[in-house]
Structure formats: structure tokens, C-alpha cells
Amino acid sequence: MTESPVPRPDRSPRARADVSGIDRTQVLIVGGGINGIATFRDLALQGIDVVLVERNDFSSGASAASSHMVHGGLRYLENGELRLVQESVRERNALLTTAPHHITPLPTTIPLRKTFSGVVSAPLRVLRHRPSSGTERGAALAKLGLAMYDSYSRRNGSVPAHVMEGRTALREKFPDFAPDIKWAATYYDASVGQPERVAVDLVLDGTEAHAGAHAANYVEVTGMADGEVVVTDRLTGVESRIRADVVVNASGPWTDLTNADLGETTEFMGGTKGSHIVVDSPELLAATRGHEIFFEHPDGRIVLIYPLHGRVMIGTSDIPVDPREPARCTDEEVAYFLELVGLVFPDIELSEEHIVYRFSGIRPLPKAEDSAPGVVSRDYRLERADVEGTPVVSIVGGKWTTFRALGERVTDEVLEMLGSTRVRSTLREWIGGGRGFPKKDEQRTAWFERHLHGLSDDRQQTLFARYGTRASRVADYIRTGPDAEIPGTDLSTGEVRYLVEVEHARRMSDVIQRRTTLAFRGGLTEATITAVAEAMAPACGWSPPEVHEEVRRCMEHLRDAHGVQWSGQHVAP
């Protein structure tokens, strides 16, 4: 969860949907995580009037705390969830095509110490759906599983086949591996550098597709009255009501809490906490050779060491939590993660001093009291209810990779309830700046000259990496007013205005954590954050005292929720 907004006088930017002026819509979606946003875009593409409200920023909850992977789910094979594997690899392969500015192939290497371990226990686990016994998987089992995975994963040739390498070959590729590692299995999934930017692209796709589509962040559902959903704008304090033909509850881990606000008691969810740390260690970054290192801890938990944005992300945990409490990465988890690195890279020294960011989120898993967290299904289902005469569809479960398929399924169900039919598929629909994306160097150079002229080479590269071909819109916007680079960042003042007026950024954290990777990469200072706040101020209507308060609250949130150390700097209250 993000920090709580403070209601202030209504000086909202023009791009923000004024839901207080909307009293009727066909569909109201509650929850602006990736699944709610995917459903929003799909419904908008079908020409359905749809309103989405999110109590914090878009993609600021579970979706922001993902492991940044788009994967078919190699482990799901062992759980016997073949339908989910098939769907996941189809969606991964489609995203590599439709969102090439955000989704890229990810070489993933599994270090293995044994040869035949697990050959008997793993098939039994598939048959009995039992959790891992902690028996370490061996090379033979990995080879068998990856061969099966390839049969699903490579049906359209999107990624290379897996490779199994013995001690001699792996020593050449990964010289820093522990000496007792005998095998290395490398396969390909995909990386999503910044999941939150995919969400923003989908929001813009939806609002641009249909005039009756409106999405508003910082708007909270607070009840149901006379068949109308009561919503409160958390920035202005304004309360309003919306009557919808169908309500979609896309609150993820908080689905039961939202249903309670609507007046319906449910016990659908049983989420677990997943935490990660981000370290600035050039030595560890080099040791990964650009590969995600993915393996199983002797205690049965999955481990990832993942090079990303010039840093290394390490995770993850799987701990039952109460969704009413904010998820935090604890000191115990940090110690566990640091210990993990030594299992594979024993000669690389890593300590808390290397950590620049930590984050934690709650997985939207279905309730499964008699199952271990690691084997609770990542699949999804829909539940229907009637609340004061209004149909409510609750999404239970789901994972980041399958957001489009889940949105499609919800949309089809809603269309049936509305008596409408689908007019277009989203499987091959371009996402945001993926449309017209130039992949070859010469194509990219020509595109830069045509659309990003007048900007420095560094600014061209930054905008293209962040927005894909939507960078042309950003460049056009920047040219309409004053623009200056913000020291210590890869932002400019004109781009910050764009983030506020077009991409719905409302708070400092929206820019620092979700529209950019500034917080993830670390190195922020009070001066840097103040400069960004001052760039936001004209578009947000902030007074100097409000700028000061935004900076203070942002720094406090980064410290308390994400472990950011400020080296003695502070903002006076």
C-alpha cells in the first residue's frame, strides 16, 4: 500500500477523470491493479461505458510488488497445472510481440548440484498435489521438466530452447558459481522492466479507445446505498455515487474487504506476502552475466537473483499475512535473502549496506487452508453475487503474466450479463508504445530523427526506453513549454508535467516509484526529490508549503516502507 493522501482543495489536473460528475455507467471496476486495468481496457475496446476507481495510485499494490517476470510457470508443471502453463506461455509470447518496449526475453539459469535427485518425488507431487519435501532437484529432473516446458513454450518460436551445460561449460560462463554446482540449465522466459508502466499504458489505451471509459486513481469505494456505489475522492474529500449495471471487484488481495464495504460477506482470499530487496553490487551484477539465477533453496522455497536496471533484485518470500495490514519486507527476510546469494556466489560479499530499496506485496491467492503457500494455485476464477440488486463479479486469484487473458474472461462474462457481444480480440492488440516499435538499429535511428529531433541523445534514449513509440507524444508535449533537466534524475521538468497532466501522477511517489525507476535504482537525495516536487507543483497546483509536505511525506514513506536510508538528511516537519 502507498501512503495515505491528504485531502486538499480541488486543483486537480485536467486529465483526471472527475467521477463526481458520473452518476451512471454500464460497468464500475473497483481496483486499479493490472487485472482491473486489463478488464477496463478490454471493455473500453468493446465500446462499453466503464469507470475504474483505485483507492491509491494505479498499480501501486500487488501489481507493483511483482517479481518483474512474465513467465509460463515452470513450477506449475510440477503442481500439475497444465492449463495454466499453456495459457501463461501463450500470454508471455503474445506480450513479447505486443509490448516489446516493456517485455523482453529473459535468459534464466538454474544452478544444480545433483544429477538424479527428485526424479521419484516430483512425479508423486504432481499426482498428489503435495508441497515440496525440500528434496533438491537434480539435473535429470530439470532436463525432463524443461523439455516439457519447451513443448509448450516454443510453439511459435518466440524464445530459444533450453540448454543444459556440465561443469566445464558452466565454469566458463559462470566462473563465480559455487564449486559444488555441477550443472546449469538455461531456459528463456521474459522480463518486464517496470510493471507499473504497462498498467499506465493500458489505462491510456482504454481512455483513448472509448469516450465512455474513465479511470480515476485516489478514489475509494466506501459503501453501497440504494443500489448505488458510494465513492470518495481521497484528494479532495468529495463523496459521490455511481449506479452501474455491473460491478467488477478487482481488488486483488483486498477483494473480501471491498465486498464487505459493498455489504457482502465473502472469504475468497488467502494471500501471501512476497518480498524482495534491490542491491547495488557491481560484482554480483557482473556475476549473473545478464541471466536471472533461479533455483530452489534447500527448504523448498524458490529463489531468484535478477539483474535489473543496473542493480540486482533478490527474492522472494511466501508468508501468510493479513491484508488489512501493510506488507513490509522485514529484517528477517533481508537476512534470509542475503544468505541466499552465498549459496550460489559464495565469494561475493554482500551486506545490508548494499541494499538500496526493498519492497513487499500480497499475492492475490485464493483461500486454501490445507495447502502450503508455495503450492496454492496461481490460477483464477470468477464469483458472482447480487448486492442490493446490482450484480457484483469478484475476481479471485490471478497472476501478472495472464492479465490480458483474465481481463478477456471477465469482459466476456460482463458482456453476457449486459446482453452485448465482443467486437474485437485483445490477444494481438498493441499495448501503448509497442505499436510501430522499431526493433532494428537502423529503424530506430530513423525513428529518433523523425520523432525525437531537438532532444539530446541521452533524452532520446531515456524517453524511448520509458514510453516506446509513445515517446513521440511526450516529445511533442515537452516542446509546448519550458523544459530543463532535473539534476540527479533522468527526468526533465516538461516530462514531469506530462506525467501529471497525461499519466495521472498525483503524488510524489507516483513519479518516483511507479512512472520511473528512480526509487528502485536508489541514490535519491532530498535535493533531488525536492526538485521533482517543484516540477510537479505548477501542474498539481501545490503551494510552497504543500511542496514541502509532499517531499517530507515521500521521504518518510520511502524510509518506512522501502528501507531507503537518507544518510542523516531529513525534511523538517
Subject >> Top-ranked residue in region 458-499 [being of a type in the set (D, E, K, R) and either in contact with a Ser or Thr (Cβ under 8 Å, 6 or more places away or on another chain) or part of a loop (DSSP other than H, G, I, E, B) (or both); ranked as surrounded by the fewest Cβ atoms within 10 Å (Cβ to Cβ)] >> reply: Arg479
Subject >> region 439-485 - residue that is touching a residue at least 60 places away in the same chain (Cβ under 8 Å) and among the basic types (Lys, Arg) and, of those, farthest from Leu518 (Cα to Cα) >> reply: Lys439
**OP:** Give just the number: which of (1) surrounded by fewer than 21 Cβ atoms within 10 Å (Cβ to Cβ); (2) outside the structural domain of Leu146 (by TED's automatic domain parsing); (3) not basic (Lys, Arg) does Glu349 not satisfy?
**Re:** (2)
Original post:
Would a scan of region 563-573 turn up a residue that is assigned to a helix (DSSP H, G or I) and crowded, with 19+ Cβ neighbours inside 10 Å?
Top reply: no
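Which fully enclosed strands (runs of 3 or more DSSP E) of region 171-288 have 3 or more residues being at pLDDT 95 or above, aliphatic (A, V, I, L, M) and over 23 Å from the mean Cα position of the chain (by Cα)?
Working: elements: 183-192, 213-217, 219-225, 228-233, 239-249, 272-279.
Of the strands (runs of 3 or more DSSP E) lying wholly inside region 171-288, those with at least 3 residues that are at pLDDT 95 or above, aliphatic (A, V, I, L, M) and over 23 Å from the mean Cα position of the chain (by Cα) span 228-233, 239-249.
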Original post:
Being over 26 Å from Ile181 (Cβ atoms) and either surrounded by fewer than 18 Cβ atoms within 10 Å (Cβ to Cβ) or touching a helix residue (DSSP H, G or I) at 6+ places or on another chain (Cβ under 8 Å) (or both), is that true of even one residue in region 283-297?
Top reply: no
Original post:
Out of all the residues in region 365-379, is one or more at pLDDT 95 or above and polar (S, T, N, Q)?
Top reply: no
Subject >> Check on Ala572, hydrophobic (A, V, I, L, M, F, W, C), modelled with pLDDT of 95 or more and more than 26 Å from Gly361 (Cα to Cα) >> reply: no
Original post:
Based on what the data block shows, is Val303 closer than 26 Å to Arg113 by Cα, modelled with pLDDT under 95 and either part of a strand (DSSP E or B) or of a type in the set (Gly, Ala, Ser) (or both)?
Top reply: yes
**OP:** Spot the failing condition for Ser133; the list is (1) part of a loop (DSSP other than H, G, I, E, B); (2) modelled with pLDDT of 95 or more, and only one is missed.
**Re:** (2)
**OP:** With the checklist (1) hydroxyl-bearing (Ser, Thr, Tyr); (2) closer than 23 Å to Gly274 by Cβ; (3) touching a helix residue (DSSP H, G or I) at 6+ places or on another chain (Cβ under 8 Å) in hand, flag the one item Thr98 doesn't pass.
**Re:** (2)
Original post:
Applying the selection to region 307-328, what residues are more than 18 Å from Glu296 (Cα to Cα) and part of a loop (DSSP other than H, G, I, E, B)?
Top reply: His309, Gly310, Val321, Asp322, Pro323, Arg324, Glu325, Pro326, Ala327, Arg328
Original post:
Which ones in region 403-426 are touching a residue at least 40 places away in the same chain (Cβ under 8 Å), touching a Lys or Arg at 6+ places or on another chain (Cβ under 7 Å) and surrounded by fewer than 18 Cβ atoms within 10 Å (Cβ to Cβ)?
Top reply: none
Original post:
Within the set of pairs 6+ apart or on separate chains, which have a first residue in region 59-73 that is over 19 Å from Leu204 (Cα atoms) and touching a residue at least 60 places away in the same chain (Cβ under 8 Å), a second that is in a loop (DSSP other than H, G, I, E, B) and of a type in the set (Val, Ile, Thr), and C-beta atoms under 6 Å apart?
Top reply: Ser67/Thr316
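Pull up region 385-402, narrow it to residues that are charged (D, E, K, R) and surrounded by fewer than 24 Cβ atoms within 10 Å (Cβ to Cβ), then point me to the one that is farthest from the chain's Cα centre (by Cα). Even if it seems obvious, please write down each step before you answer.
As a first pass, look at region 385-402 and keep what is charged (D, E, K, R): 386, 388, 399.
In the following step, the residues that additionally are surrounded by fewer than 24 Cβ atoms within 10 Å (Cβ to Cβ) were identified as 386, 388.
Details: Asp386: 31, Glu388: 34 Å.
If we take residues in region 385-402 being charged (D, E, K, R) and surrounded by fewer than 24 Cβ atoms within 10 Å (Cβ to Cβ), then Glu388 is farthest from the chain's Cα centre (by Cα).
Report the residue count in region 506-541 for those that are closer than 22 Å to Val356 by Cβ and outside any helix (DSSP H, G or I). Reasoning before the result, please.
Keep residues of region 506-541 that are closer than 22 Å to Val356 by Cβ, which gives 507-533.
Of the ones still in play, those that are also outside any helix (DSSP H, G or I) are 507, 516-517, 522-525.
Final tally of qualifying residues: 7.
The values are calculated or read from the model by the stated rules, or taken from the named source; none is laboratory data. Quick caveat: nothing in here was measured; it's all calculated off a predicted structure. Because the Cβ atoms are built from the backbone with ideal geometry, glycine has one as well, and the counts that use them run over all protein chains shown.
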